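One structure is given here, and the rest of the page talks about it.
The values are calculated or read from the model by the stated rules, or taken from the named source; none is laboratory data. Being a predicted model, the structure only gives us computed values, none of them experimental. Because the Cβ atoms are built from the backbone with ideal geometry, glycine has one as well, and the counts that use them run over all protein chains shown. Heavy atoms of the whole protein, side chains included, go into the accessibility calculation; ligands, DNA and RNA do not. Shrake-Rupley method; radii C 1.70, N 1.55, O 1.52, S 1.80 Å.
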Amino acid sequence: MHPTRRAVYLAPCLLALGGAATSAHGAAFQLQEQSASLLGSAFAGRSADAHDISHTFFNPATLGVHAGRGAEAELVLSYIDPTFDFEADGEPADYPNVPGSDTGQLSASGGESALAPVFYAGFDLAPDLRAGLGINVPYGLETDYPEDWVGRYDAVNTDLVTVDINPQLGWRVDERLSVGFGVSAQYADATLSQMVSNNPSDPNDDNKLSVEGDDWSYGFNLGAHYAVTEATQLGIAYRHGMSHTLSGDAELSEDLGLGTETGGEADLDIPASLNLGVSHRLDRRWTLLADATWTQWSDFDELAIQFDEDIGFGPEESDDYDWDDTWLLSLGTRFDLNERWDLRAGVAYDQTPTGDSNRTPRIPDEDRTWLAVGGSWYPAAAEQLSVDFGYTYIWLDDAEIEVADDFGGVTGEYESNVQIFAASANWRF
């Protein structure tokens, strides 16, 4: 595909592709960082533990578990620090279309740090009925490469923000069973850029293509929570996929003869997910947490964009992604140190939906391993306040990749990791 065509085709879809590079970091473009307390256990037991209101993002039935708790609000802040270091195979002589004679442009770092805020609120409607609201950032990232790096014809900058507004209801059916339901309104906005060659025989004659796109989409989530015994809790939750119709604008920095601006529209499928969790109290202090989440990434198989005008590409372009469904498996524990402190730890294994044949610089994703620690503090001076905190280090397997194939091709490898710091404050009124 001509680089201009591919860039504009990819543009609106980056609303989905973004988090990928960092996916929190969940695989592909999903951000897991919706809870500071769960971060400390690598999100083990997310649908079963019902520790605080932030669990409602993963299972709205945990609202019913908290029926009678009164009004509360929680603010979560997560700092995400990804590193994606690319190193091309070979020497500068192997890449005649790369400007310069040193090897600097054959290596590049694309990760950009970000702060992700999340807000929750809950209140009782009746003794066994509780309402909640979550305002989340479920997808998002920024990656930024130099304009002269070897993969510049595939990616320079990617900036993605999504905001999900999720009102929910939780009903405590009886002492053991709670159920929940929520609806979501999700806004997505993305800007991306890449270089376009005006003259393939002159690697110094580049144009820059920038594309913007945004959209609202709507979905739902539901779940159930069941206390098998006083010590053992089970949770199951489902979040429905969303279909965005992304409207965007494409702009070239220089006129190639047919104008510099056009618009377009593309349909994009966000995957559904299903979560199963368990929480088991081993004794007075130790609780074991486990979790399995399936994500239907195979829904993200193709994206086609309709262009408003011709500025160097046809009226429609499409491409196949052929991603696979994935599993995130996590195991964690909570230790109740005393009435003021809880401590947590966890590990997780997170599959990537991508492979060597469909990996891009915007999503240099690979299978990842999590190691997490965290805890909770209940200050004596403010009985209504609880503070949660967590830290996670994520190792990504080295990712083989081929980029800039329209200009002779380059192969290389990404070495990547992600650090996440999160803290939250919950206030009960």
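A few remarks follow.
- Full extension of the segment from residue 245 to residue 187, taken as 0.36 nm per residue of separation minus the current Cα-Cα distance, would add 19.8 nm.
- Two-site FRET efficiency, residue 175 against residue 299, from Cβ-Cβ distance with R₀ of 45 Å, rounded to 0.05: 0.75
- Added length on full extension, which subtracts the Cα-Cα distance from 0.36 nm per residue, residue 387 to residue 286: 34.4 nm
- Applying 0.36 nm per residue to the separation of residue 260 and residue 400 and subtracting their alpha-carbon distance, the gain on full extension is 47.0 nm.
- Within the accessible surface of segment 109-158, defined with a 1.4 Å probe on protein heavy atoms only, the carbon and sulfur portion equals 61 percent.
- When the alpha carbon gyration tensor of segment 317-384 is reduced to an equivalent ellipsoid, the three semi-axes, largest first, read 41, 14, 9 Å.
- Computed E for residue 91/residue 429 - FRET, C-beta separation, R0 56 angstrom, nearest 0.05: 0.30
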